[in-house]
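These notes concern the structure reproduced below.
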Amino acid sequence: MDKLKDMLKRIGIEPDEQKQRQFSGYRNAIIEWNKKVNLTAITNPDEFENKHFVESLIIADKQEFKEAEKIIDVGTGAGFPGVPLAICFPDKKFVLVDSLAKRLRIIEQIAGELQIGNVECRHGRAEDLGRQAGLRESFDLGVSRAVARLATLAELVLPLVMLGGSFAAFKANNSEEELIEAKAAIHKLGGTPLNTQRMLLPGDIESLPVYWFRKNRPTPKEFPRRAGIPSKKPIIK
Ligand code: SAH
């Protein structure tokens, strides 16, 4: 796990024994479970390290992340980007959300076994959780990777972010069009664009982009709409 160790140094994290045990334990457990339940398409250990661990950690350097105490990962899947961040920052609290209960229960069990004590798994559709008192507008930071196009994703994540908080969307290269398309949605949901983050990764490879938004107005009551609507009819004007 040399690339991961290099990455931890870049973000100022000491790769102590506990973190190394948690990272390798997590990777091994996911790859093992993946034989029975579909959790991830990536099962090559090196690729796993790069795409799942290193890429999840690129936001660690960002001021908005450093200041956040309560973070929600929407559509966490096999735990990304939430779990690697939780391993590195045990003082921050992470809520991992997914609509697939089976997947989420496995993540919860593995995190428990590895004593990753700062993650809480919440089963549900983000559209439903975003209307629940206690969850709505209660997180310093909302993060998400590979869940939906940005116009849809904004409606899943921004309602959960508190006023003054931020939203970080992990995206693919060449996603600028998505960003333009999402302008209306971001605005309607109470956000404004902050900037695009990229980081130089181990091996001097440029990371994928992360789009950052600030929540500076409350999300209007009508959002999020009913489960399924944000993806069927994204806000595009
Ligand atoms: N973030 C992970 C997984 C991406 S796959 C990664 O980058 O590796 C997308 C995940 O989002 C799936 O596990 C799916 O169940 C979940 N998902 C999709 N729509 C959702 C919604 N509306 N609410 C909650 N989870 C959702």
State which residue pairs qualify: first residue in contact (Cβ under 8 Å) with a residue 12 or more places away in the chain and inside segment 223-236, second residue among the polar types (S, T, N, Q) in any location, beta carbons under 8 Å apart, and separation of 6 or more residues or different chains. P230/T152; S231/T152; P234/T152
Among what's in segment 75-93 and is more than 8 Å from the ligand (Cβ to nearest atom) and in contact with a Lys or Arg (Cβ under 8 Å, 6 or more places away or on another chain), pick the residue that is most open to solvent (accessible area, probe 1.4 Å). K93
Those helices (runs of 4 or more DSSP H) lying entirely in segment 1-98 with at least 2 residues over 25 Å from P159 (Cβ atoms) and hydroxyl-bearing (S, T, Y): 17-33
Quick one: in segment 143-155, of everything that is of a type in the set (D, E, K, R) and not in a strand (DSSP E or B), which residue is nearest to P81 (Cα to Cα)? R149
Can you name the number of the only condition in (1) away from the ligand (no atom under 15 Å from the Cβ); (2) more than 21 Å from P84 (Cα to Cα); (3) open to solvent by 70 Å² or more (accessible area, probe 1.4 Å); (4) not basic (K, R) that Q132 fails? (1)
Within the bounds of segment 101-113, is there any residue that is within 16 Å of the ligand (Cβ to nearest atom), surrounded by 15 or more Cβ atoms within 10 Å (Cβ to Cβ), in contact (Cβ under 8 Å) with a residue 60 or more places away in the chain and not in a helix (DSSP H, G or I)? no
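Let's see how each residue does on (1) open to solvent by 60 Å² or more (accessible area, probe 1.4 Å); (2) more than 15 Å from the chain's Cα centre (by Cα):
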{"residue": "A154", "(1), (2)": "no, no"}
{"residue": "L160", "(1), (2)": "no, no"}
{"residue": "S175", "(1), (2)": "no, yes"}
{"residue": "N195", "(1), (2)": "yes, yes"}
{"residue": "S207", "(1), (2)": "no, yes"}
{"residue": "W212", "(1), (2)": "no, no"}
{"residue": "E222", "(1), (2)": "yes, yes"}
{"residue": "P230", "(1), (2)": "no, yes"}
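The values are calculated or read from the model by the stated rules, or taken from the named source; none is laboratory data. Being a predicted model, the structure only gives us computed values, none of them experimental. Note: ideal-geometry Cβ built from the backbone for every residue, glycine included; neighbour counts use all protein chains shown. Accessible surface areas use protein heavy atoms only, side chains included; no ligands, DNA or RNA. Shrake-Rupley method; radii C 1.70, N 1.55, O 1.52, S 1.80 Å.
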